Amino acid sequence: MLTSPRRAVALTTVGLLAMLLPTAPAMADGTVVCDSNGTCWVIAEDGGSPGSSTPGTGTPSGTENDADAEPQCETEGESITCSAAGGTNGAGATPAHVAAMAMEMLPIPLPNIGLAPEPGGTALVGVPVWMWLDEQAWAPVSRTATAGSVSITATATPDRVEWSMGDGETTTCYSPGVPYASGVSSSCTHTYARASRLGPYSITATVHWTITWSGSGASGGQSMARTSTTTLNVGESQAIVQ
């Protein structure tokens, strides 16, 4: 097949243009941007931008985002003081970031379950089981975190304890309860209607805490739960006939 001189020139021109024009990478997970020198960048979905010296990313090579820098922290008593990496003394820290540090420090304990009959023992159908937690652990706890000019105090307060008694019933108490003692009454009890014939009942205590934080003109809060589990056998009383 013969090719005319004019067609041959056209094909040669197209070939040269294809070699000279910059092309985007064949596999790109994002938007491809190229400059006039033929250098291309892949702008990922996390919002990178052209101008990077590392193709395929939006972050210049050899630099670090100050907002993501790992803070350097010192703990003293119930307070923590942080400064951003690089000696910026916490500059740029937001109340939300500092609040997260304060909440992470909160010493929220696991429930220490008390039962009568004692855990692992045997209760009787129709006889109330007493439930309680360590009263000293049922108290607000606070911690303060500081980064630069931002100082946040977070406080956790126990709200209620939900007792899942293993028989499909749940008892909610708004106090830690009281240990069993003769002549003492308690509103945090549970009475089983049937025996645990297939093994002991699994009892779970879940304490719900309310966390609030404030400082530097901002405030917020969230909830948190702590759970512990134990077991209790439940039997039926037998009448003795003489």
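Laid out as a table, the results:
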{"item": "Calculated FRET efficiency for the pair A100/T231, C-beta based, R₀ 35 Å, to 0.05", "result": "0.45"}
{"item": "Efficiency of FRET from Cβ geometry, Q222 and S182, R₀ 51 Å, rounded to 0.05", "result": "0.75"}
{"item": "HN-Hα J in Hz across the range 225-230 - Karplus 6.51, -1.76, 1.60, θ = phi - 60°, x for Gly and Pro", "result": "10, 10, 10, 9, 9, 8"}
{"item": "Accessible area per residue in Å² at 1.4 Å probe, computed on the range 101-160", "result": "46 Å²"}
{"item": "Sulfur and carbon atoms: percent of accessible area, the range 114-242 [1.4 Å]", "result": "48 percent"}
{"item": "Ordering of 145-153, 213-221 by burial proxy (mean other Cβ atoms within 10 Å per residue, highest first)", "result": "145-153, 213-221"}
{"item": "I203, I113, ranked by accessible area, largest first (probe 1.4 Å)", "result": "I113, I203"}
{"item": "The range 179-242, accessible area per residue, ligands and nucleic acids excluded (1.4 Å, Å²)", "result": "63 Å²"}
{"item": "Amide proton proximity set for I203, modelled H, under 5 Å, gap of 5+", "result": "T230, T231, L232"}
{"item": "Distance in nm between pseudo-label sites at T122 and T204 (7 Å out along the Cβ direction from Cα)", "result": "2.7 nm"}
{"item": "Burial ranking of peptide ranges 164-172, 129-137 (average Cβ count within 10 Å, highest at the top)", "result": "129-137, 164-172"}
{"item": "Cα→Cβ-extended label distance, 7 Å offset, between A193 and Y174, nm", "result": "2.6 nm"}
{"item": "The range 124-136 - phi-based ³J(HN,Hα) in whole Hz, Karplus 6.51/-1.76/1.60, Gly and Pro as x", "result": "10, 4, x, 10, x, 9, 8, 10, 7, 10, 4, 5, 5"}
{"item": "Long-range amide H partners of V178 with built H, under 5 Å", "result": "C188"}
{"item": "Amide H within-cut-off set for W209, under 5 Å, with H built and near neighbours excluded", "result": "D159, M224, A225, R226"}
{"item": "Relative contact order computed over the range 134-242 (Cα-Cα under 8 Å; 6+ residues apart), in percent", "result": "26 percent"}
{"item": "In Hz, Karplus ³J(HN,Hα) per residue of the range 183-196 (6.51, -1.76, 1.60; θ = phi - 60°; x = Gly, Pro)", "result": "x, 10, 10, 9, 9, 10, 9, 8, 10, 7, 9, 8, 6, 8"}
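The values are calculated or read from the model by the stated rules, or taken from the named source; none is laboratory data. Model, not experiment: these values are computed from the prediction. No Cβ is skipped: glycine too gets one built from the backbone with ideal geometry, and neighbour counts run over all protein chains shown. To get the accessible areas, we keep the full protein, side chains included, count just its heavy atoms, and leave off ligands, DNA and RNA. Shrake-Rupley method; radii C 1.70, N 1.55, O 1.52, S 1.80 Å.
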